[in-house]
Every structure is written in structure tokens, then in C-alpha cells.
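First the structure, in the form of C-alpha cells, and then the observations on it.
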Amino acid sequence: MQRTTLVQYIRQRGFSTPGATGEFTSLMNEIIVAAKIVSLEVNRAGIGEDILGLTGKINIQGEEVQKLDEFADMTFTTIIGQSGTVCAICSEERDEPLIVPKTDRGKYIFMMDPLDGSSNIDVNVGIGSIFSIYRKVSEGNEVHDADLRQPGHKQVAAGYVMYGSSTMFVLTTDQGVHGFTLDPSLGEFFLSHPNLRIPEQGSTYSINEGNMENWDEAQKHLVNHLKVSDPATRRPYKLRYIGTLVSDFHRTLLKGGIFMYPSDKKSPEGKLRYAFEAAPMAYIVEHAGGRASTGSQRILDIVPEKLHQRVPLFVGSPRDVALAENILSGKGRSQQPA
Ligand code: AHM
Ligand code: MG
């Protein structure tokens with residue numbers, strides 16, 4: 001049986017893109033290598049070198065840095081930094097962007113959450129890496145603020161690698177969303193989920209409900225609404241929450257439904273980071289026919305004010321996200337039972 005590898009897919013895509021120089025193809029190939037190294041380390045965690053547990057450091061978010069967080073960050077940064085394809089690398093784990101030395105600079109900006117789902121590392125629950133690629137927009141060789149704070153709709157590509165029961169690489173450029181599964185015996189990603197399309201509506205909601213006392217009334221109303229029985233609208237919805245965005249998003253992409261991380265009293269701007277988490281997932285979901293919103297605004301239209309900006313996130317099936325927006329705006333309240 002002829003199977004398409006991720007490397008072949010990217011090369012073919014390059015051939016069919018007018019004016020392509022091969023720089024994007026090279027960058028993607030380096031991302032794949034880094035992803036395989038991180039995947040191997042995640043799979044061996046607990047039996048190889050002592051890679052589980054904390055480094056003792058605190059990151060820009062004020063969170064404790066796990067050893068695997070640091071390993072993933074170093075792996076992606078080192079490999080991509082030397083690829084000659086990027087001029088800056090921005091990581092959720094680093095306060096400041098890493099500007100590549102002039103001699104090695106390429107035209108792309110690489111954004112990443114090198115290891116998403118830190119709280120699940122030590123308990124063998126799915127974790128992942130999220131990345132996003134932008135083109136440098138300013139003239140000349142220097143990297144400017146405007147290059148690093150672009151609205152999500154300017155992404156050239158976005159994807160994630162999920163280190164779950166198998167390792168999957170989900171990618172979108174501008175030609176659909178495709179999932180590739182790692183064959184560990186060959187060390188190759190093979191196309192397993194071509195042209196992913198999210199269902200119009202799901203029957204699952206995903207949110208950290210332990211935060212409920214910090215939500216506003218509209219958010220409480222929305223979640224209560226999803227729990228009320230009404231078979232005509234597939235309610236009550238099931239609750240699924242892993243606590244790793246990559247895993248919760250992946251399930252939502254495949255099965256439909258809605259993932260929510262709203263702003264609340266504890267996190268007035270939301271918890272998830274725009275450039276490293278929300279914007280890439282929004283780019284992917286829109287290319288799969290879904291929707292991503294702050295509750296009142298399209299995620300991809302936001303121009304972040306700072307690199308580590310946080311944002312509320314409602315992402316998933318178009319009907320489910322539209323319903324959430326409607327209820328949160330107050331408009332849907334009178335027509336929606338409970
Ligand atoms: P991380 O990037 O430090 O792992 O944090 C982000 C994670 C997301 O993966 C997940 O959706 C969310 O934080 C879970 O947060 P909470 O534990 O508050 O439910
Ligand atoms: Mg994260």
C-alpha cells in the first residue's frame with residue numbers, strides 16, 4: 001500500500017506553490033525532526049535519564065518549569081534556530097523572543113508552546129507541542145515588534161503534535177487540515193487523517209468547571225444550558241476535560257463540540273496565550289470549518305498588544321461556538337431554556 005509521509009506531503013505542497021523557494025519546506029522538515037526527538041523523550045520518560053519532575057525554575061507565566069518543558073523548548077529552539085529559515089523564535093517558555101544571528105536569518109517567525117499541558121506530564125496523560133509560522137512583514141534585515149505581534153489571520157501555517165496513545169502531527173497551511181500518525185518502528189509520520197472537517201455541531205463541552213465560582217453569570221448560564229436535557233438540540237452535552245489544550249482541542253476537532261477557557265475573576269484576560277495557543281488553534285479550526293472566538297470577537301482578527309498576551313478562548317464546531325457567543329452576549333438568554 002502506498003502511504004504518504006508528512007515529508008512527502010510538504011514537498012508536494014512546495015512544488016505546487018508558485019514562487020516557493022524551498023525555505024518553508026526546510027523549516028517544516030526541521031519541525032518534524034524536533035517533534036520526533038521530543039516524542040521519543042516523552043515516550044521514554046520515566047525509564048531513560050531522569051527527565052520527569054521540576055527544574056526548579058519559574059517561567060515568564062510564573063509557573064514552575066518542568067524538565068520536559070525545558071527539553072522540548074531547547075530541542076525546537078536549537079534545531080529551528082540553526083535552520084536558516086527563521087529570523088525569530090518566540091516561545092511560551094521564554095520572556096523574550098530569540099532573534100537569530102544575522103548570518104542565519106530566514107524570512108519566517110516561529111512561535112511555539114513547546115510542551116503544552118505541563119500539569120499532565122508526570123501522570124502519563126496526553127501532552128503536546130503547538131506551533132505557528134508567520135512571515136516577517138517589516139522591510140530589511142532587522143526584526144521589529146510588528147513582526148512579532150501579527151494578527152492570527154496572517155499565519156502561514158499552524159499545527160500541533162500530540163504525544164498521546166500514538167503521536168500525531170496535525171498541520172494546516174492554506175490547503176486543508178491533515179493529520180499524520182507516527183509509525184514508531186519507521187520513525188515516519190504517515191497521512192492518517194486527510195482533510196479533517198469538524199462536525200457542524202457536537203455534543204460535548206470541555207471546560208475546567210472547578211473555576212465556576214469565578215465565572216460571570218453569562219458563562220454560568222451557558223454551561224447550565226448545555227447540561228439541560230433537550231434531545232432536539234442534542235442536550236444534555238457530555239463533559240470531557242483533560243487539561244491539555246492539544247488533547248482537548250484534538251478531540252473537539254474530530255468529534256465536534258466546544259472547548260472553552262473563559263476569562264474569570266482569577267484570570268481576567270483568560271488563561272491561554274494568544275500567540276502560542278489560541279491563534280494557532282483558531283487557524284486550524286477555521287481551516288477545518290470550525291469557529292474560534294473570545295466570546296465576542298473572532299480570535300484571528302486580534303492584534304496582540306504584547307507577545308505573551310492571554311485571551312479567552314471558545315473554539316470548536318461552528319454551531320456550538322455561535323451558540324456560546326449568542327448566550328454570552330445576553331441575546332440568546334430569553335429564547336434558550338435554562
Ligand atoms: P501550559 O501551556 O503551561 O501547559 O498551560 C496551558 C494549559 C492548557 O493546555 C490547558 O487547556 C489549560 O492550561 C488547563 O488549565 P487548567 O489547569 O486551569 O484547567
Ligand atoms: Mg500551553
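The values are calculated or read from the model by the stated rules, or taken from the named source; none is laboratory data. Just so it is clear, the structure is predicted and the values come from calculations on it, not from any experiment. Cβ atoms come from the backbone with ideal geometry, glycine included; neighbour counts cover every protein chain shown. Quick note on the areas: whole protein, heavy atoms, side chains included, nothing else; ligands and nucleic acids left out. Shrake-Rupley method; radii C 1.70, N 1.55, O 1.52, S 1.80 Å.
Solvent-accessible area of segment 1-76 (1.4 angstrom probe, protein heavy atoms only): carbon and sulfur portion equals 54 percent.
Protein heavy-atom accessible surface, 1.4 Å probe, per residue over the chain: 43 Å².
When Rg and the Kirkwood Rh are both derived from Cα coordinates, the Rg/Rh ratio for segment 183-250 amounts to 1.13. Per-residue packing, averaged as other Cβ atoms within 10 Å, sorts the ranges 89-101, 159-171 into the order 159-171, 89-101, beginning with the highest. Using the alpha carbons alone, the radius of gyration of the chain stands to its Kirkwood radius in an Rg to Rh ratio of 0.96. Taking the charge dipole of the chain about its Cα centre, with +1 at Lys and Arg Cβ atoms and -1 at Asp and Glu Cβ atoms, the residue from Gln175, Thr55, Pro318 reaching farthest to the positive side is Pro318.
Converting the Cα gyration tensor eigenvalues of segment 277-326 into ellipsoid dimensions via √(5λ) gives semi-axes, longest first, of 18, 12, 7 Å. Of the solvent-accessible surface of segment 93-139, computed with a 1.4 Å probe and all protein chains present, 46% belongs to carbon and sulfur.
With 5 Å bins beginning at zero, the pair-distance distribution over Cα atoms of segment 6-193 amounts to 1, 8, 17, 20, 20, 16, 11, 5, 2, 0 %.
Among 115-122, 282-289, 194-201, what's the highest-first ranking by average C-beta atoms within 10 angstrom per residue?
282-289, 115-122, 194-201
Once a ≥ b ≥ c are taken as the square roots of the eigenvalues of the Cα gyration tensor of segment 1-87, is the result rounded (a/c under 1.5), prolate (a/b larger than b/c) or oblate (a/b not larger than b/c)? Oblate is the answer for segment 1-87, as a/c is 1.5 or above yet b/c matches or exceeds a/b. Secondary-structure-derived ellipticity at 222 nm for the chain, considering helices only, amounts to -8500 deg cm²/dmol, per-run term -39500 (n - 2.57) for DSSP H runs with n ≥ 4.
The packing ranking, built from the mean of other Cβ atoms within 10 Å per residue, places the peptides 78-87, 135-144 in the order 78-87, 135-144, highest first. Expressed as a whole percent, the accessible area of segment 204-335 that falls on carbon and sulfur atoms is 48 (1.4 Å probe). Between segment 72-150 and segment 234-304, the alpha-carbon centres lie 21 Å apart. Along each principal axis, taking the top coordinate minus the bottom one, the Cα set of segment 149-207 gives 39, 32, 22 Å in descending order.
Rg over Rh for segment 204-335 works out to 0.93, both radii taken from alpha-carbon positions and Rh defined as the Kirkwood radius.
For Trp215, what charge total do you get from the other residues with a beta carbon under 11 Å from its beta carbon, if Lys and Arg give +1 and Asp and Glu give -1? Spell out each step's value before the answer.
On the way: positive: Lys220, Lys265, Lys266; negative: Glu209, Glu213, Asp216, Glu217, Asp264.
Summing Lys and Arg as +1 and Asp and Glu as -1 gives -2.
What percent do you get for the relative contact order of segment 84-152 when only Cα pairs under 8 Å and 6+ apart count? Taking the mean separation of contacting Cα pairs over the length of segment 84-152, I get 27 percent.
Pairwise inverse Cα distances across segment 74-153, averaged and inverted, put the Kirkwood hydrodynamic radius at 13.4 Å.
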